[in-house]
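Below: the structure, in structure tokens.
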Amino acid sequence: SPHTLQVAYTPDDYQPILQISSAAYVLCAAPDFPANNAAELIAELKKNPGKYTYGNDGVGGTMQLAGERIFKALGVKVRPVPFGGAGETAKNFLGGHITFYGGSVPPIMPHIKAGKAKALLLTSAADNAALPTASGLKALGIPQEETVLWRAIIAPKGLPPAIIKTLEEAFRQGASQQRFKDFLRDQGEEAVIASSADVSRLIKAEYTALGEVAKEIGLKK
């Protein structure tokens with residue numbers, strides 16, 4: 001957000017406590033779209049630059065930045081259409097107003113299971129067992145362009161170390177429970193426990209990479 005919005009904070013104003021999960025964003029097409037996997041999707045996009053549209057979570061939102069990051073690396077052009085969130089994107093996709101759903105997995109998963117959408121492309125490097133028809137970026141030769149939805153506990157900077165330790169231990173214990181892992185799996189997410197230092201590195205790396213994407217596609221505050 002600090003790259004594109006007039007906000008009163010930067011990533012340095014926060015103290016990560018613990019990452020608890022990770023999940024790819026997904027690009028889904030209608031059942032009759034002329035592609036059944038990621039390779040066929042990219043081939044179709046290359047044949048028709050600018051013909052197709054993809055919904056996303058708003059101008060400068062993570063899905064748009066993740067999508068443009070991938071499309072640029074693959075040399076394809078897809079027109080972004082911003083919405084107020086994944087739920088609104090899914091509604092417009094199912095209504096036929098856009099070609100592709102672009103967003104997190106949970107809102108579209110029921111429709112994938114019902115055969116109303118087919119998952120083709122993931123924004124993660126790896127595949128997702130919950131979405132067997134979709135491919136991660138490693139299969140397309142660009143794993144370095146990964147952008148994922150990660151969930152973490154983050155607190156205001158300046159908390160006493162003892163409190164940070166207590167919070168980390170509590171959330172680590174909760175995130176280690178099988179019930180929690182099963183819940184995530186049903187939502188198309190994966191339990192990923194990462195330390196405060198690891199989350200800090202992740203935030204800095206993503207902030208830099210997505211800032212470059214925002215600049216490349218002309219987004220300004």
For this session: Select from segment 147-168 the residues that are surrounded by 11 or more Cβ atoms within 10 Å (Cβ to Cβ), farther than 17 Å from Asp12 by Cα and not β-branched (Val, Ile, Thr) and write down the one among them that is modelled with the lowest pLDDT.
Result: Leu149
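On the given criteria, is Gly103 in contact with a helix residue (DSSP H, G or I) (Cβ under 6 Å, 6 or more places away or on another chain), within 19 Å of Ala214 (Cα to Cα) and touching a residue at least 40 places away in the same chain (Cβ under 8 Å)? Quick ask: steps written out before the conclusion?
Details: in contact with a helix residue (DSSP H, G or I) (Cβ under 6 Å, 6 or more places away or on another chain): yes; within 19 Å of Ala214 (Cα to Cα): yes; touching a residue at least 40 places away in the same chain (Cβ under 8 Å): yes.
Taking the combined requirement at face value, the residue satisfies it.
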Exercise. Of all residues in segment 206-221, which are acidic (Asp, Glu) and under 15 Å from the mean Cα position of the chain (by Cα)?
Worked result: Glu206
Exercise. So which residues in segment 179-204 are open to solvent by 60 Å² or more (accessible area, probe 1.4 Å) and either modelled with pLDDT of 90 or more or over 26 Å from Arg69 (Cβ atoms) (or both)?
Worked result: Arg179, Lys181, Phe183, Arg185, Asp186, Ile193, Asp198, Arg201, Lys204
Problem set entry | Near pairs, Cβ below 6 angstrom, 6+ apart or cross-chain, from segment 54-65 (touching a residue at least 40 places away in the same chain (Cβ under 8 Å) and of a type in the set (Ser, Thr, Tyr)) to any residue that is open to solvent by less than 10 Å² (accessible area, probe 1.4 Å) and part of a loop (DSSP other than H, G, I, E, B) | Tyr54/Val78
Exercise. List, please: which pairs have Cβ atoms under 8 Å, are six or more places apart or on different chains, and start with a residue in segment 1-14 that is acidic (Asp, Glu) and end with one that is open to solvent by 90 Å² or more (accessible area, probe 1.4 Å) and at pLDDT 90 or above?
Worked result: Asp12/Lys157; Asp13/Lys157
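So how many residues does segment 144-201 have that are closer than 25 Å to Ala24 by Cβ and either part of a helix (DSSP H, G or I) or among the charged types (D, E, K, R) (or both)? Give the derivation first.
Residues of segment 144-201 closer than 25 Å to Ala24 by Cβ: 144-154, 171-172, 174-201.
Still in the list and also either part of a helix (DSSP H, G or I) or among the charged types (D, E, K, R) (or both): 144-146, 151, 171-172, 174-175, 178-186, 189-190, 196-201.
Result for segment 144-201: 25.
Just to be sure, is Ser176 within 13 Å of Leu18 (Cβ to Cβ) and open to solvent by less than 50 Å² (accessible area, probe 1.4 Å)? Walk me through it before giving the result.
Working: within 13 Å of Leu18 (Cβ to Cβ): yes; open to solvent by less than 50 Å² (accessible area, probe 1.4 Å): no.
Spelling it out, it is not the case that Ser176 is within 13 Å of Leu18 (Cβ to Cβ) and open to solvent by less than 50 Å² (accessible area, probe 1.4 Å).
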For this session: Please tell me if Gln15 is closer than 25 Å to Ser195 by Cα and at pLDDT 95 or above.
Result: no
For this session: Could you grab me the full set of residues in segment 84-99 that are modelled with pLDDT of 95 or more and touching a helix residue (DSSP H, G or I) at 6+ places or on another chain (Cβ under 7 Å)?
Result: Ala90, Leu94, Ile98
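Could you go through segment 138-149 and let me know if any residue there is among the small types (Gly, Ala, Ser) and under 22 Å from Asn36 (Cβ atoms).
yes
The values are calculated or read from the model by the stated rules, or taken from the named source; none is laboratory data. Everything numeric in this text was worked out from a predicted model, so none of it was measured. Don't worry about glycine lacking a Cβ; one is built from the backbone with ideal geometry, like all the others, and counts go over all protein chains shown. With ligands, DNA and RNA removed, areas are computed over all heavy atoms of the protein, side chains included. Shrake-Rupley method; radii C 1.70, N 1.55, O 1.52, S 1.80 Å.
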